[in-house]
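Asker: Once you've had a glance at the structure underneath, I'll fire off some questions.
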Amino acid sequence: MIIKNITIGNFRSYYKESSIDIGNGLTLIIGSNGDGKTTLFEAVEWLFDTVGSLPKADNKYISKKRISELMDSESDYVRVSMTYVNDGSERLIQKSFKFTKSLDGEISTSNFSYDLYIQQGVEKDVKSGEAAARYFDRDFAPSIRKYCLFKGEQNLNIFNNDEAMSYLVETFSQIRDFDPYLSFMENAKAWAEKATDNAIRADRKNSSEAQRLRSLITGEERQIGELETELQNKRNEAINFQTLLEDLEKNKEASSLLVDTNSRLVSLKTQKEQVQKELNENYTFRLLDDMWILMGYEPIAEEYRDLVGRLDKEQRKQQSKYDQEVGAKKVIAQINRDLSHGHVPLAINIPDENTMREMLDEEFCKICGREAPKGSEPYLFMQKRLNEYLASLESEEEKEVEVEPLFKFAFIKELYDRYSILHNNMKFLNRLNGYIDTAIRENLKKHDTIDSLSSNIEQAEEKKKQILAQTDGLSEDELVSAYNNISEWWKARSDAERRSDFLDAQIKKHSDTLEDYRTQFSKISEDSSAAMYSRTSQAIRRILDSFVSAKKKNKREFLDQLEEVTNDYLALLNKGDFRGYAQIIEKPNSSAEIILIDTDGSRIYNANTALKTTMYMSLLFAVAKLTTVKHENDYPLIFDAPTSSFTAAKESDFFGVIAGINKQTIIVTKSFLVEDAKGNSTLDIKRLGEIDAKKYRIEKARPFDEKDLSTIQTYVEPI
Amino acid sequence: MTQKDKMLQMVLDDPRLQEFYEYTRKDYDEGIYEAINSDNAVVASVAKIIIELNGSDDPSEQKRVYQTIFKYLNDKLLA
């Protein structure tokens, strides 16, 4: 939505009609105290007010000057209208009522109207009353208007109450989109569990085990619920005591001693965290990861080397003996071969092959002169001789005696190789003792440093408590009592934080147990419908948990994005004056706070008002920017006197930056006014000329009587 | 990327859900209509819930979507 024009008629000091054309960027409306700045702002507020029942005519809005001019029974109108463009079409919203002066001089009001004119091509559609309000709310939602109009510097903090953050997040992030799904998942979980319980009751075989587990599950769920409630209470308790201590700090913001102590505390805590991070006491992991386990390995390695040496010697001995035996066998084989080459007469080839075949064919042995029928002993003998002869022909070549190796595998060599590797690493192993000793010594040293830092932190905290307790005019007893109070708050906060950590751990432990019971529950009677329903029920519950965690994540992402854009604007608006940053802290009770952090990481409690104003305005610009992106609809920001605490130079820079931001901003201010020699306010034209904005001067017409409102009339003039 | 795609990714991003039902969120970067056809019953169920409920808080609509999902999970987780 872009505002084009605001017209005000007979609204308090705005006598008759005043019209202001609004630029797309910065519009400055400059006026001195009492010139009608706040009235202009309130006229817009009145126009935008659609909440509650219409009409809202009120005599207090009527211009006293106009009333004084009216004749008996004469009437006129109070009218505030705004022309704006939304969704590409021009619209005019107007709120007005008639006022009439009676014969006895009384003023009555009538004809209240609230109208919205929508230009559609050449036609103009008019909505009136509630319909106009509804249409206008659609164009410019009340939830967004909350982040649009700001009166005074002190009202810029949009996180000013506990509900503010939830409202902001729900309005501008997509977090509300999750709500129907979460409600559905909660119902789905309950329905699925009921279906499972019914199925288990029907499954008689496993019902007693199922009941036992169901009772354990219910017990764990109840316990987790109780722990979560206590955790929430403890967190709130910690916040409350923290707030008490912070309030005390704010009162001491001028104390340089406190600033120094805070800075020392931050530095000490950072150092302690750093040293704690450097501690490496995972000795169990280092046994394997850093091979510490080999620390006492040297004598074992030596024993190993001796054993391998002995084994090698024994092997060589056996090999030598074996070689001798094999060698003897080879010699005998050679002799045999030599003999088989004819040194023994009538060997295998006598009688020759032909003679042998002839005798076999005739089944008669011609050597011994007897019958040798087939199958008989002499026949078989002759046949054997022939076969031996034929076989001998095939093995004419000298055959090597096949020797089976004594040691088939080279294990000894492998053992030697391993020794060799071990030997190469021996230097490292010899140094291991030293490494381990150094690591342990370093860790012990770090523990000493941590102890010393903890003691310094404790001292600094004691000092801080004392500083906080000191107030001018306190007697010694009162000082002691104030100190005791602070110490108690301090202790209560620490106790609450410690208890919260403990409860967190307990919840985690019980959640694991619960998960275990649920898994057991899903496994009973695996093939039954009860088990099937149980698995489904479990899946639905897990999906519910994921929706819950998605919603939380969505919220944090929105706040991170908001913080990032806020810091972009903060850097711009401070033009390098401030090098720290803003941080949005989400508190456990769902509220939030925006704070300033210095370059050294410490929180700034004593920021000046101008710096806080730039922070709050940066946040507003960031909200507007994110809203524009998410809702695809821009909206203007309207401020009444937001920079009262700024110096002239700071104001010029500030407005210069806002003029450069592509954002419709209307600022009603008394900046750029300087007093001349006669005490009259005049414009600082030179400074104003440097600002790229649409500029208006509003001023009371002179002469006027401050005590007589019927003499007051505001003029609006473009500069 | 639509609001439904964003919601799906935020829900599927839960490391515990990824671990229990053995999927990787990055596999469903393309959007909700890819997830609805997933072989992983839980991934497909989340997509079905987001699409079928369509942000409705109507009790009869919730019951209808529940019955669809309950039946779907019973069939798929059994397989």
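Every number here is computed from the coordinates shown, using simple stated rules; none is lab data. As the structure is a computational prediction, the values presented were derived from the model and not from experiment. Here the Cβ positions follow ideal geometry from the backbone for every residue, glycine too, while neighbour counts run over all protein chains shown.
Asker: Any idea how many Lys pairs in the range B:3-78 come in under 14 angstrom at the alpha carbon, given 8 or more places apart or on separate chains? Walk me through the numbers before you get to the answer.
Answerer: Numbers: B:LYS4/B:LYS48; B:LYS6/B:LYS26; B:LYS48/B:LYS63; B:LYS48/B:LYS71; B:LYS48/B:LYS76; B:LYS63/B:LYS71.
Here the count comes out as 6.
Asker: Out of residues 5 or more away from A:GLY34 or on other chains, whose amide H comes under 5 Å of its own, with H placed 1.01 Å from N in the peptide plane?
Answerer: The list, which skips near neighbours in sequence, is empty: none.
Asker: Quick check on chain A: of the DSSP beta bridges with both residues there, what percent are antiparallel, nearest 5%? Mind dumping the intermediate values first?
Answerer: Values: 60 of 76 bridges.
Looking only at bridges with both residues in chain A, the antiparallel portion is about 80 percent.
Asker: Another question, if that's okay. For chain A, what relative contact order do you get, as a whole percent, if you take Cα pairs closer than 8 Å and at least 6 residues apart? Walk me through the intermediate numbers first.
Answerer: Numbers: 895 pairs, mean separation 193.8, N = 719.
Relative contact order here is 27 percent.
Asker: Going toward the positive end of the dipole of the range B:3-78, with +1 on Lys and Arg Cβ and -1 on Asp and Glu Cβ, which of B:GLN62, B:GLY31, B:LEU77 do you reach last?
Answerer: B:GLN62
Asker: Please report A:SER376, A:SER534, A:SER32 as a ranked list, fewest other C-beta atoms within 10 angstrom at the top and most at the bottom. The partial results should precede the final answer.
Answerer: Working: A:SER376 14, A:SER534 29, A:SER32 17.
Fewest-to-most ranking of A:SER376, A:SER534, A:SER32: A:SER376, A:SER32, A:SER534.
Asker: Okay, moving on. Taking a temperature of 25 °C and a viscosity of 0.890 mPa s, what whole-number D in µm²/s does Stokes-Einstein yield for the range A:491-537 with Rh from Kirkwood over alpha carbon pairs? Numbers along the way, then the final one.
Answerer: Values: Rh = 12.8 Å.
Answer from the Stokes-Einstein relation: 192 µm²/s.
Asker: Sticking with this structure for a sec: Counting Lys +1, Arg +1, Asp -1, Glu -1, what net charge surrounds A:ILE457 among other residues with beta carbon under 13 Å of its beta carbon? Present the calculation step by step, with values, prior to reporting the outcome.
Answerer: Details: positive: A:ARG264, A:LYS269, A:LYS272, A:LYS463, A:LYS464, A:LYS465; negative: A:GLU273, A:ASP451, A:GLU458, A:GLU461, A:GLU462.
Residues near A:ILE457 contribute +1 overall.
Asker: By how many degrees, 0 to 90 and rounded to 10, does the Cα axis of helix A:609-631 deviate from the longest principal axis of chain A?
Answerer: 70 degrees
Asker: Residue separation times 0.36 nm, minus the C-alpha to C-alpha distance between A:GLU363 and A:GLU404: what's the value? Could you put the intermediate results ahead of the total?
Answerer: On the way: separation 41, 0.36 × 41 = 14.76 nm, distance 4.46 nm.
Here the segment from A:GLU363 to A:GLU404 would lengthen by 10.3 nm.
Asker: How large are Rg and Dmax for the range A:43-202 when calculated on the C-alpha trace, in angstrom?
Answerer: Taking only Cα atoms of the range A:43-202, I get Rg and Dmax of 24.6, 90 Å.
Asker: Now, a different point. For every other residue with a beta carbon closer than 11 angstrom to the beta carbon of A:PHE654, add +1 if it is Lys or Arg and -1 if Asp or Glu, then tell me the sum. Please report the intermediate quantities before stating the final value.
Answerer: Numbers: positive: A:LYS575, A:LYS650; negative: A:ASP577, A:GLU651, A:ASP653.
Summing Lys and Arg as +1 and Asp and Glu as -1 gives -1.
Asker: With N denoting the number of residues in the range B:3-78, provide Rg(C-alpha) divided by 2.2 N^0.38 Å, to two decimal places.
Answerer: On the way: Rg = 12.2 Å, N = 76, 2.2 N^0.38 = 11.4 Å.
The value comes to 1.07.
Asker: Another question, then. Report, to the nearest 10°, how far helix A:298-338 tilts away from the longest principal axis of the Cα atoms in chain A, using its own Cα long axis and a range of 0 to 90°.
Answerer: 30 degrees
Asker: Beyond 18 Å, what share of the Cα-Cα pairs of the range A:580-719 is found? Please give it as a whole percent.
Answerer: Working: 6624 of 9730 pairs.
The answer is 68 percent, as a whole percent.
Asker: Fewest Cβ neighbours within 10 Å first, please rank B:THR68, A:THR519 accordingly. Spell out each step's value before the answer.
Answerer: Working: B:THR68 15, A:THR519 12.
Least crowded to most crowded, the residues run A:THR519, B:THR68.
Asker: I've got another one for you. Give the Debye-formula value of log10 I(q)/I(0) at each listed q (0.09, 0.13, 0.19 Å⁻¹), with one equal scatterer per alpha carbon of the range A:487-619, two decimals each.
Answerer: Taking Cα atoms of the range A:487-619 as identical point scatterers yields -0.52, -0.80, -1.12.
Asker: Something else now. With only Lys, Arg, Asp and Glu charged, each at its Cβ (+1 for the first two, -1 for the last two), find how big the charge dipole of chain A is about the Cα centre; round to the nearest 20 debye. Could the numbers behind the result be given before it?
Answerer: Numbers: 101 positive and 122 negative charges, 313 e Å.
The dipole of chain A has a size of about 1500 debye.
Asker: Calculated from DSSP H runs of 4 or more alone, at -39500 (n - 2.57) each and per residue, what is the 222 nm mean residue ellipticity of chain A, nearest 500? Before the final figure, lay out the partial values.
Answerer: Details: 18 runs with 404 residues, N = 719.
After summing the helix terms and dividing by the residues of chain A, the value is -19500 deg cm²/dmol.
Asker: How big is the dipole moment of the range B:3-78 about its Cα centre under a simple scheme where the beta carbon of each Lys and Arg is +1, that of each Asp and Glu is -1, and everything else is neutral? Debye, nearest 20, please.
Answerer: Numbers: 10 positive and 15 negative charges, 48 e Å.
The dipole magnitude comes to about 240 debye.
Asker: If amide H atoms are built 1.01 Å from N in the plane of the peptide, which residues on other chains or at least 5 residues away come under 5 Å of the amide H of A:GLU90?
Answerer: Those qualifying (amide H under 5 Å, at least 5 residues apart or on another chain) are A:GLN119.
Asker: Tell me the volume per residue, in Å³, of the convex hull enclosing the alpha carbons of the protein assembly as shown.
Answerer: Cα-based convex hull of the protein assembly as shown, divided per residue, equals 406 Å³.
Asker: Compute the signed sum of charges (Lys and Arg +1, Asp and Glu -1) over the other residues within less than 13 Å, Cβ to Cβ, of A:GLN232. Write down the numbers at each step before the final one.
Answerer: On the way: positive: A:LYS234, A:ARG235, A:ARG499, A:LYS587; negative: A:GLU226, A:GLU228, A:GLU230, A:GLU237, A:ASP504.
Result for the neighbourhood of A:GLN232: -1.
Asker: For chain A, find the longest principal axis of its Cα atoms and tell me its angle to the long axis of helix A:207-251, 0 to 90°, nearest 10.
Answerer: Long axis of A:207-251 versus the principal axis of chain A: about 50 degrees.
Asker: Taking every pair of distinct Cα atoms and averaging 1/r, then inverting, what Kirkwood hydrodynamic radius in Å comes out for the range A:18-89?
Answerer: Values: mean 1/r = 0.0661 Å⁻¹.
Roughly 15.1 Å, rounded to one decimal.
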